[in-house]
Amino acid sequence: MKASLQLKLGQSLTMTPQLQQAIRLLQLSTLDLQNEIQEALDSNPLLEVEESFESNVNANDSNQQSELVQDSSNTNESESVEYDASALDTSQALDQQSISDDLPTDTTWDDYISAGPSAPVASSSVGPESDFTYQGETTENLQDHLVWQANLTPFSDTDRAIATAIIDAIAESGYLMQSTDDILEAMANPEVELDEVEAVLKRIQHFDPVGVAARTPSECLAIQLKHLEPDTPWRNEAILLVEQFMELLGSRDYRTLARKAKLKEQQLGEAIRLIQTLNPHPGSTILKEKDEYVIPDVSVKKVKGRWVVELNPDCMPKIRVNAEYAALSKTSTSTGDTQFIRGHLQEAKWFIKSLESRNDTLLKVSNCIVMQQRGFFEYGEEAMKPLVLNDVAEAVEMHESTISRVTTQKYMHTPRGIFELKYFFSSHVSTENGGECSSTAIRAIIKKLVAAENTKKPLSDSKIVDLLAEQGIKVARRTIAKYRDALSIPPSNQRKSLL
């Protein structure tokens, strides 16, 4: 055992803070990126929002709009970034953009620093015009809605206590999750009897929405039917079906159902049509989820016969370096102030450079996806081609991990709707002529076949296999069942209908 010196050669990748920041920004969604930009604006005094639509950061229009051409590597060079983004990965581009630690004061960043007066940061104050919240909106849940009605009902003190206990035991769907015996036991009041609990329950079941606090779907539907006018056509037949033959109704065994209910096929169909107008989940009419909006990162449109990909300019604010603060690094007489300004200036430059790299990578990957899936934009889902991450990675000369990051939680606005970039990736299924078919296209074909089927005699999985085989697509029955479940399409016996 003795100490010695050895010389070895090797390669290693150093994850600098700047590279880590670029990778982190690349995988952020639009909303998360906006929060990240806002945090950078709050923490770095040298960053500011440029309110002019002609941003110096995005001076070259070719970075914001790119026409699809046969050579996917023909991407215009950005004016503010000195590397060819079409030929480099994000990590490679950042590695080649070395920035000196001392940042000499004669370094020019004309693309980021404006010589004119700095634009003020957008005000965050909330005024009457900027408050878009609808003041009449209510956020009450089902329990609040029922308590409000109970307070307007002439209950005695005991009945009101029973009503409160019943309302507390109602789930969001509107069903009573406890039995009346459990509610009576939980009240711990010896003066209250089970008949009183049942009586209060019946009154609550006729609150709005009608059928709330029901214990079973059969009871829920029956309450709604009995709430209709007595002369409603097929009301009595529908009540008979939901009270006595709910299991047969759920299994769609219409032949047995018609025989036991002593109804003709036409009468059974009319009664079922009335039942279908009811709501088996009455709580859903009160508890409404807030709409979640998606901000697309890129948009695709057809211009003069060519599909054009554009970055969404509104998905994030345009930022730049404040010229006045940056100039203080030359005029400041304090060493501490100079170091403070230079440190934040370096962070600001790296942050802007990371945003540029993110935009270039996103635009390049989106262009490649549109080129590969041009049939989808022309003809729809049935023309979708098989595509995996490696196909795009090889086309744009990037690593698969980079493609995975840039396609996660990124959305594309197309004439056919808004889709996540991952939607355009799918596995392949071999065809009889030696070609390949996308699993997304197969699901679209299944959906089309089911939509056009005869509801009185729906297509079985085996029949769908035969129909696909006629089109040259070989798939197993279990594969059809898996795709059908993914589309939330029930099996054939549950799709059967008399209507």
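The values are calculated or read from the model by the stated rules, or taken from the named source; none is laboratory data. In this text the structure is predicted, and so the values were computed from the model without any measurement. Cβ placement follows ideal geometry from the backbone for every residue including glycine, while neighbour counts extend to all protein chains displayed.
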- Message: Go through region 299-310 and report how many residues are part of a strand (DSSP E or B) and either basic (Lys, Arg) or modelled with pLDDT under 90 (or both).
- Response: 3
- Message: I'd like to know if region 194-217 contains one or more residues that are closer than 30 Å to Glu265 by Cα, in contact with a Pro (Cβ under 7 Å, 6 or more places away or on another chain), free of Cβ contacts under 8 Å to residues at least 60 places away in the same chain and crowded, with 18+ Cβ neighbours inside 10 Å.
- Response: no
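If you check Ala238 against the conditions, is it assigned to a helix (DSSP H, G or I), surrounded by fewer than 16 Cβ atoms within 10 Å (Cβ to Cβ) and of a type in the set (Gly, Ala, Ser)? Give the steps one after another, and end with the answer.
Numbers: assigned to a helix (DSSP H, G or I): yes; surrounded by fewer than 16 Cβ atoms within 10 Å (Cβ to Cβ): no; of a type in the set (Gly, Ala, Ser): yes.
In short, no.
Can you tell me which residue among Leu228, Leu249, Leu268 is more than 27 Å from Leu176 (Cβ to Cβ) and of a type in the set (A, V, I, L, M)?
Working: Leu228 fails: more than 27 Å from Leu176 (Cβ to Cβ); Leu249 fails: more than 27 Å from Leu176 (Cβ to Cβ).
Step by step, each of Leu228, Leu249, Leu268 is checked, and only Leu268 is more than 27 Å from Leu176 (Cβ to Cβ) and of a type in the set (A, V, I, L, M).
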- Do you know which residues across region 268-288 are modelled with pLDDT of 90 or more and assigned to a loop (DSSP other than H, G, I, E, B)? Gln276, Thr277, Leu278, Asn279, Pro280, His281
- Task: Could you grab me the full set of residues in region 241-262 that are assigned to a loop (DSSP other than H, G, I, E, B) and either within 25 Å of Val210 (Cβ to Cβ) or not assigned by TED's automatic domain parsing to the domain that holds Ser218 (or both)?
- Result: Phe245
- Of the residues in region 456-474, those that are assigned to a loop (DSSP other than H, G, I, E, B) and more than 14 Å from Ala444 (Cα to Cα) come to Lys456, Lys457, Pro458, Leu459, Ser460, Gly472, Lys474
- Can you spot a residue in region 289-298 that is in a helix (DSSP H, G or I), modelled with pLDDT under 90 and within 30 Å of Arg495 (Cβ to Cβ)? no
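Return a yes/no flag: does region 144-161 have any residue that is within 27 Å of Gly250 (Cβ to Cβ) and surrounded by fewer than 20 Cβ atoms within 10 Å (Cβ to Cβ). Before you say what the answer is, go through the steps one by one.
Residues of region 144-161 within 27 Å of Gly250 (Cβ to Cβ): none.
No, the conditions are met nowhere in region 144-161.
Could you go through region 187-198 and let me know if any residue there is touching a Gly at 6+ places or on another chain (Cβ under 7 Å) and not in a helix (DSSP H, G or I). First the steps, then the outcome.
First, pick out the residues of region 187-198 that are touching a Gly at 6+ places or on another chain (Cβ under 7 Å): none.
Scanning region 187-198 turns up no residue that is touching a Gly at 6+ places or on another chain (Cβ under 7 Å) and not in a helix (DSSP H, G or I).
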- Which number in (1) touching an Asp or Glu at 6+ places or on another chain (Cβ under 8 Å); (2) among the polar types (S, T, N, Q); (3) modelled with pLDDT of 95 or more marks the one condition that Gln224 misses? (1)
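Check Leu363, Leu345 and return the single one that is surrounded by 21 or more Cβ atoms within 10 Å (Cβ to Cβ) and either of a type in the set (Phe, Trp, Tyr) or modelled with pLDDT of 90 or more (or both).
Details: Leu345 fails: either of a type in the set (Phe, Trp, Tyr) or modelled with pLDDT of 90 or more (or both).
Testing whether each residue is surrounded by 21 or more Cβ atoms within 10 Å (Cβ to Cβ) and either of a type in the set (Phe, Trp, Tyr) or modelled with pLDDT of 90 or more (or both) leaves just Leu363.
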- Pairs with Cβ under 7 Å, 6+ apart, first in region 382-397 and in contact (Cβ under 8 Å) with a residue 60 or more places away in the chain and closer than 18 Å to Leu362 by Cβ, second of a type in the set (Val, Ile, Thr) and not in a loop (DSSP other than H, G, I, E, B): Val396/Val365
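Provide a single number: the residues in region 143-178 that are among the charged types (D, E, K, R), closer than 15 Å to Leu201 by Cβ and not in a helix (DSSP H, G or I).
0
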- Item | Within region 1-32, considering residues that are of a type in the set (Gly, Ala, Ser) and out of contact with any helix residue (DSSP H, G or I) (no Cβ under 9 Å at 6 or more places or on another chain), the one farthest from Asp360 (Cα to Cα) | Ala3
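Residue by residue, here is whether (1) in contact with a strand residue (DSSP E or B) (Cβ under 8 Å, 6 or more places away or on another chain); (2) in contact (Cβ under 8 Å) with a residue 12 or more places away in the chain; (3) over 20 Å from Ser427 (Cα atoms); (4) not assigned by TED's automatic domain parsing to the domain that holds Ala383 holds:
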residue	(1), (2), (3), (4)
Val450	no, yes, yes, yes
Glu453	no, yes, yes, yes
Pro458	no, yes, yes, yes
Asp461	no, yes, yes, yes
Leu467	no, yes, yes, yes
Lys474	yes, yes, no, yes
Lys482	no, no, no, yes
Leu487	no, yes, no, yes
- Query: Across region 370-425, what is the total count of residues that are among the basic types (Lys, Arg) and in a loop (DSSP other than H, G, I, E, B)?
  - Reply: 3
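Checking the condition in a loop (DSSP other than H, G, I, E, B), buried (at least 16 other Cβ atoms within 10 Å of the Cβ), at pLDDT below 70 and of a type in the set (Ser, Thr, Tyr), which residue from Ser66, Ser73, Ser52, Ser78 passes?
Details: Ser66 fails: in a loop (DSSP other than H, G, I, E, B); Ser73 fails: buried (at least 16 other Cβ atoms within 10 Å of the Cβ); Ser52 fails: buried (at least 16 other Cβ atoms within 10 Å of the Cβ).
Only one candidate qualifies: Ser78.
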